[in-house]
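Here's the structure we're looking at; comments come further down.
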Amino acid sequence: DTEVTQTPKHLVMGMTNKKSLKCEQHMGHRAMYWYKQKAKKPPELMFVYSYEKLSINESVPSRFSPECPNSSLLNLHLHALQPEDSALYLCASSLAGNQLAKNIQYFGAGTRLSVL
Amino acid sequence: GDSVTQMEGPVTLSEEAFLTINCTYTATGYPSLFWYVQYPGEGLQLLLKATKADDKGSNKGFEATYRKETTSFHLEKGSVQVSDSAVYFCALESASKIIFGSGTRLSIRP
């Protein structure tokens, strides 16, 4: 099973709403990632968790709050977003280790978020 | 800093044509190199990878060779199919991160 499952597939929210994106994998991977992808652009790294600890935060605004409750789950809590935050949010996972980026990342299909 | 440059698209070819998508990189040291593919409405999938100079990655008829002397990792396929229509991203590993190129959209006509 090489599947990373993201829910919901689509999300529409207002600027005052609080919502969460969810990501799940059962491959035994101990590194998990959040990326943001705008239309016709490559993915941009937001956060990396390694062994359930936040290891990389790419200076993401605090209205995005990641959480890794266990080794299989990764959440992204959203609050007071702006219309420019509308994008495809991708989750990925990989084996962890000293040379993290050399490991293959497996991506989910993403959550398409629209902020009104 | 490290970066990846790939040819701008869109690239439109007829079925069974030969494909080349150019990719060059700038990096300190000898990073691992990747090609990822994104089909419409989906996330990214690793297509192939190479971890050292002169390595050739291959998968599904696609190939790319890690060329240290030209800092390149061009993607090739001898005969494309309609099902190959997608966006292709060249990428390298850098300091625990993946650096992606801007992506090349490929459309194959029947």
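The values are calculated or read from the model by the stated rules, or taken from the named source; none is laboratory data. A quick note: this is a predicted structure, and the numbers were derived from the prediction, not measured. Every residue, glycine as well, gets a Cβ built from its backbone with ideal geometry; the counts of neighbours run over all protein chains shown. The accessibility values were calculated without ligands, DNA or RNA, using every heavy atom of the protein model including side chains. Shrake-Rupley method; radii C 1.70, N 1.55, O 1.52, S 1.80 Å.
Points to keep in mind about this one:
- Note on A:Arg30 and A:Tyr51: the extension gain reaches 7.1 nm, defined as 0.36 nm multiplied by sequence separation minus the Cα-Cα distance.
- Here is the list for the stretch A:40-97: trypsin sites (Lys or Arg not before Pro) lying in DSSP coil, each with at most 11 other C-beta atoms within 10 angstrom of its C-beta, are A:Lys40.
- Estimated translational diffusion coefficient (Stokes-Einstein, Kirkwood radius over Cα pairs, 10 °C, 1.306 mPa s) of the protein assembly as shown: 87 µm² per second.
- Averaging the sequence gap over all C-alpha pairs within less than 8 Å and six or more residues apart, then dividing by the number of residues, gives chain B a relative contact order of 37 percent.
- Translational diffusion of chain A, estimated by Stokes-Einstein from the Kirkwood radius over alpha carbon pairs at 10 °C in a medium of 1.306 mPa s, is 112 µm² per second.
- Label-to-label distance, A:Lys38 versus B:Gln81, with points set 7 angstrom from Cα along the beta-carbon direction: 3.6 nm.
- Measuring r between the beta carbons of B:Glu16 and A:Leu95 and using R0 = 35 Å, the FRET efficiency lands at 0.40.
- Per residue, the convex hull spanned by the alpha carbons of the stretch B:14-53 comes to 116 Å³.
- Å² per residue, accessible surface of the stretch A:45-116 at 1.4 Å: 43
- Surface share of carbon and sulfur [accessible, 1.4 angstrom probe, percent] for chain B: 47
- Value of Rg/Rh across chain B [Cα atoms, Kirkwood radius]: 0.96
- Computed from the Cβ-Cβ distance with R0 of 25 Å, the FRET efficiency linking B:Asn59 to A:Thr7 stands at 0.30.
- Take chain B with all the other protein chains still there, run a 1.4 Å probe, and you get 47 Å² of accessible area per residue.
- Two-site FRET efficiency, B:Thr71 against B:Tyr39, from Cβ-Cβ distance with R₀ of 30 Å, rounded to 0.05: 0.60
- The stretch B:31-64 versus the stretch A:27-103: alpha-carbon centroid distance in Å: 21
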